[in-house]
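Note sheet for the following structure.
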Amino acid sequence: MLSRTADHLFWMSRYTERAENTARMLDVNYQTSLLPQSEGVAEVGWKGLLSISELTEAYTRRYGVVSARNVIDFMVRDESNPSSIISCLSAARENARAVRGALTTEVWETQNQTWLEVKRMVNSAEFEADPSQFFEWVKFRSHLSRGVTVGTMLMDEALHFMRMGTFLERADNTARLVDVKFHAVQSDFYGAANERDQEYDFYHWSAILRSVSAFEVYRKVYRDVIRPERVAELLVLKADMPRSLHASLREAVNNLALVTSNPESESLRRAGKLCADLQYGRIDEILATGLHAYLTQFLDRVNDLGAQISREFLVSAV
Amino acid sequence: MRKFDEMVIELPYQFLSGGANIRDHYKIYDEWLSRQPGDMMAKRREEAEMIFRRVGITFAVYGEKDETGAGTERLIPFDLIPRIIPSQEWAAMERGLVQRVNALNRFIHDIYHDQDILRAGIVPREQIENNAQFRPEMVGVDVPHQIYSHISGIDIVRAPNDKGEGEYYVLEDNLRVPSGVSYMLEDRKMMMRLFPELFSAHRVAPVAHYPDLLLETLRASSPTTTDEPTVVVLTPGMYNSAYFEHAFLAQQMGVELVEGQDLFVKDNFVYMRTTRGPRRVDVIYRRVDDDFLDPTVFRPTSTLGCAGLIGAYRAGNVTICNAVGTGIADDKSIYPYVPKMIEFYLGEKPILNNVPTYMCRNPEDLAYTLAHLKDLVVKEVHGAGGYGMLVGPAATAQEVEDFRQALLANPGGYIAQPTLSLSSCPTFVESGIAPRHIDLRPYVLSGKTVQMVPGGLTRVALKEGSLVVNSSQGGGTKDTWILEN
C-alpha cells in the first residue's frame, strides 16, 4: 500500500478518536459544572481541560478569562483551534477524502456524513441549549466510525494502520486526562480532611471515570468505594479496560506486528517495550516515583513511537 | 415555440401532445411521465441532491471559498429526465467512433514517425511543426501497439442536416485527459435508485462495466509481458476539480491512486513508495496534463509529476495513458482534417461527419468568417472547456467587435463553424420541464481492440437557449439510455 495512503488512514483515525475524547472531557466537565459547587472548582475543571490539550495559551490569547461557555466554544466550534471538535472532524474527513478509494463506501460515507452534520449542529439552537446531547452525538459518531471500519474493511494493512492510529491517539488522550486530573489534587492526594472535601473528592474521581466510560467498570472490578490509586491503576495498567494505557498500547503493538514482517522493526521494538512496562508495572511503584513524572515520560514515549512509525512506514524514503 | 426534437418528430411541436408525434423510443417515458403527480420531480430531485452530497460526488470550483474559507465543493447539476437513443442510431454511431479513433491513433503515430500524411500534402506541414501541441520529445518513440489515445472522449451533437433530418456530427475530439465518465456511471446509479420502475419498463443497455473495460485497456498497454502489470491512476490531488473521478476510477479498478510525490524513477524504471518499500509501476493512467508530467522535461516548477518519468517512458519501461503528445490530434486546427485522415489511413468514407468548419488561416475562409460573425461560432484553436469562444447569435456588438480584432491579429488561431441548432431534450429546470440543448460524449477505449460502453455522458446547457454544455459554464448532465430492441 502507498505510504501516503497509510499516512492518511492513520491520521483519519487519530482525528476521529481525538474528537471523541475531547467530547468526553467536555461532557464530564459540563456535567460536573452543573453540580452545586464553588465557581472556583468549576474553573479548575475548565482550566485543567485546556492544559490537557496544551491550549491554555491559545485560549487566553483569544478569550481572556476562563468561562464554561467560552471553553466549550473554543473546544467545539472554533476553527482556529486545530484541536476543536469541528477541526478534528474536518481533518478526519479531509484525510478520508484523500484516500476514499482505499475505504469501503460505508466508512467513507460515515466520515462524510459526520462532517456534513457537525457543521450544521454546532450552529444549531439544540447545541446552545444542551451541549451534552451534542457530545453524546460525537461519541456515537466515533463508535459508528470504528464499528463500520471493523465491520466492513478488508483485514489488511489499511485496517491495521487505521487501528494503530485509533489506539495510539487513545493512549495519548487517556494519559493526558489522568495526568491533569491527578495533578489538580496533588496536594492532598490521600484522603480528605472534612466531609465537604470528601464529597468533592467523590465527584472529582467519579468524573474521571465517567469521562472514559469506566464508572460502572470500576465498581465491577474493585467492588469498593472510589480510591484515587485504584482509579489510576484502572486507567493506566488494567489490560481489560478498553481505554487504559495498557490496553491501548497492546492493540497498537498487535496492529504494528501485522503490518511489518521485519523482526528488526524499530517501531515494533519501542512499542513492545512500552507495552511490557505497562504489563509488568505496579501502581504502588508508579505512585512512589510520582504519577506525573511517569505520565510525562509515557507521553514522550508515545509521541516518539508515533514519529518512528511515521519514519518507518508513512513517509518512506527512496 | 418549444423545441424538443430529441423527443418529438417535427416542427412545430407541442410537448406532451398526447403521444401523436412522440418519437417511438420516448413513447413509454412520455406515457409514464404523464401519469406522475405534479410534485414528483421536485421531490426526486431533492432526494438525488441529498444522496450526491452524502456520497460526496462533487467537483471543486477553482478560486471559490465558502463562508468558512474552505474551498467549495459543488454538486454537478444532474437532470432527472434521461436522454434516450434508439439502438440502431447507436450502432451506426459506434461504428463511426471506432473508425474515427482508429484513424486518429494512426495519425498520431504517423506524425511522430514517418509523417506520410504531411508528405502526401493532406495536412500542411506548418500546421504540425508550428503547433504548440506537437511534442518533439515523442519523435521516434515507439509505444505499445502504436496506441496513443487509449481513452478518447468524442463530443457528438445532433442537428438537422441538409435534408432537415437529425444527424450526429462530431463537434470535437478529446484525446488528452477527457473527463466526466464517473458522472456517466453515477447518473445511471442514481436513476436506477430513483426510478426503478422506468428500468423495468425499458431495456436500457448497462454501462457499469466501464471500469472493467478501462482496466483491460490499460493492462493491454503494459510494456511488460507479465500477467498482472501494475496499473496506477495519477491524480494532481484532492483539490483538483475532477478528484472525485480519479478516486472513483482507481477504486472501481482496484488500483492505487497516486500523486506525483508517491512516484520516483530509478535507473529509468518508475516506482511507487509503499509501506513495504518501492514497487515497480508499469502503466500510468495519468489525469495530469503533459506540461506537468516531468519537471526535468516540461514545466520545471511542476510538483504534480515525477522527475525522470519521460526518460523511463522513452526507454519503454512504463506506459503513460494517454500518451504524451496526443494534443496534436485533438487541436481544433487539426480537427477539420480528420475526415481526410480516415480516408488516407483506412481507405474508408467517414461514417460520422464533422461540423462544417472554416479555417481562418485560409484567406477565403477568413473573409467569409469576418462577413458572417453574427451567425457563426468562432473558437480559439487551442481553447477548451467552453472558454475563448464567440457564439455569434448570442454575443453583444462589443464582443463581436473584440473577436473581429483578435481574428485579424491572428487568423491562424481560430476556426469558425455555423451555429448549429443543437438538438434539445426535455429538462427539469426551475420553471418546470423545458427544452435545453444537449451533446453526447462517448468514451472510446483503445487497447487490443477498440471498445466502449453503450452511450456516454450527455451534457446539457441548463441556461435557456445556451449552446455551451461545459460544467465550468453552467452545464449539467443526464443519464443516457441506449434502448435495446
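The values are calculated or read from the model by the stated rules, or taken from the named source; none is laboratory data. Keep in mind it's a predicted model, so treat the numbers as computed, not measured. Neighbour counts run over all protein chains shown; Cβ positions are idealised from the backbone, glycine included.
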Task: Failed item, numbered, when B:GLN261 is tested on (1) surrounded by fewer than 21 Cβ atoms within 10 Å (Cβ to Cβ); (2) under 16 Å from A:ARG97 (Cβ atoms) - done: (2)
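For segment A:148-156, state whether one or more residues are closer than 27 Å to A:VAL236 by Cα and more than 10 Å from chain B (Cβ to nearest Cβ).
Yes, there is a match, as at least one residue in segment A:148-156 is closer than 27 Å to A:VAL236 by Cα and more than 10 Å from chain B (Cβ to nearest Cβ).
Check segment A:184-200 and report whether any residue there is modelled with pLDDT of 80 or more and in a helix (DSSP H, G or I).
No: segment A:184-200 contains no residue that is modelled with pLDDT of 80 or more and in a helix (DSSP H, G or I).
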TODO: Could you tell me which residue of segment B:404-444 is surrounded by the fewest Cβ atoms within 10 Å (Cβ to Cβ), considering only residues that are polar (S, T, N, Q) and within 21 Å of B:GLY455 (Cα to Cα)?
DONE: B:SER424
Open item on the list: Taking the criterion of being within 14 Å of chain B (Cβ to nearest Cβ), under 17 Å from A:ARG77 (Cβ atoms) and charged (D, E, K, R), would at least one residue in segment A:118-133 satisfy it?
Closed with: yes
Task: Search result, residues across segment A:1-50 that are surrounded by 19 or more Cβ atoms within 10 Å (Cβ to Cβ), more than 14 Å from chain B (Cβ to nearest Cβ) and of a type in the set (Asp, Glu) - done: A:GLU17, A:GLU20, A:ASP27
Task: Test result for B:THR217, crowded, with 20+ Cβ neighbours inside 10 Å, within 11 Å of another protein chain (Cβ to nearest Cβ) and of a type in the set (S, T, N, Q) - done: no
- [ ] Name the one entry in A:VAL66, A:VAL41, A:VAL71 that is hydrophobic (A, V, I, L, M, F, W, C), over 30 Å from B:VAL232 (Cα atoms) and not in a helix (DSSP H, G or I).
- [x] A:VAL66
- [ ] Select, from B:GLY432, B:GLY465, the only residue that is touching a residue at least 40 places away in the same chain (Cβ under 8 Å) and among the small types (Gly, Ala, Ser).
- [x] B:GLY465
Task: Wholly enclosed strands (runs of 3 or more DSSP E) of segment B:161-258 bearing at least 3 residues within 20 Å of A:ARG100 (Cα to Cα) and in contact with a strand residue (DSSP E or B) (Cβ under 6 Å, 6 or more places away or on another chain) - done: B:231-234, B:256-258
Open item on the list: So, in segment A:207-255, how many residues would count as being in contact with a His (Cβ under 8 Å, 6 or more places away or on another chain), of a type outside the set (Lys, Arg) and over 20 Å from A:HIS183 (Cα atoms)?
Closed with: 2
TODO: Output the residue which, of all residues in segment A:74-91 that are within 14 Å of chain B (Cβ to nearest Cβ), part of a helix (DSSP H, G or I) and touching a helix residue (DSSP H, G or I) at 6+ places or on another chain (Cβ under 8 Å), is surrounded by the most Cβ atoms within 10 Å (Cβ to Cβ).
DONE: A:LEU89
Open item on the list: I'm checking my understanding of the structure. Among residues of segment B:270-303 that are more than 14 Å from chain A (Cβ to nearest Cβ) and of a type in the set (Lys, Arg), which one is surrounded by the fewest Cβ atoms within 10 Å (Cβ to Cβ)?
Closed with: B:ARG299
Open item on the list: surrounded by fewer than 20 Cβ atoms within 10 Å (Cβ to Cβ) and aromatic (Phe, Trp, Tyr): which single residue out of B:PHE107, B:PHE134 fits that description?
Closed with: B:PHE134
Task: Some residue of segment B:151-160 being part of a loop (DSSP other than H, G, I, E, B) and on the phi < 0 side of the Ramachandran plot - done: no
Open item on the list: With the requirement that a residue be of a type in the set (A, V, I, L, M) and away from chain B (no Cβ under 14 Å), what does segment A:258-297 give you?
Closed with: A:ALA271, A:LEU274, A:ALA276, A:LEU278, A:ILE283, A:ILE286, A:LEU287, A:ALA288, A:LEU291, A:ALA293, A:LEU295
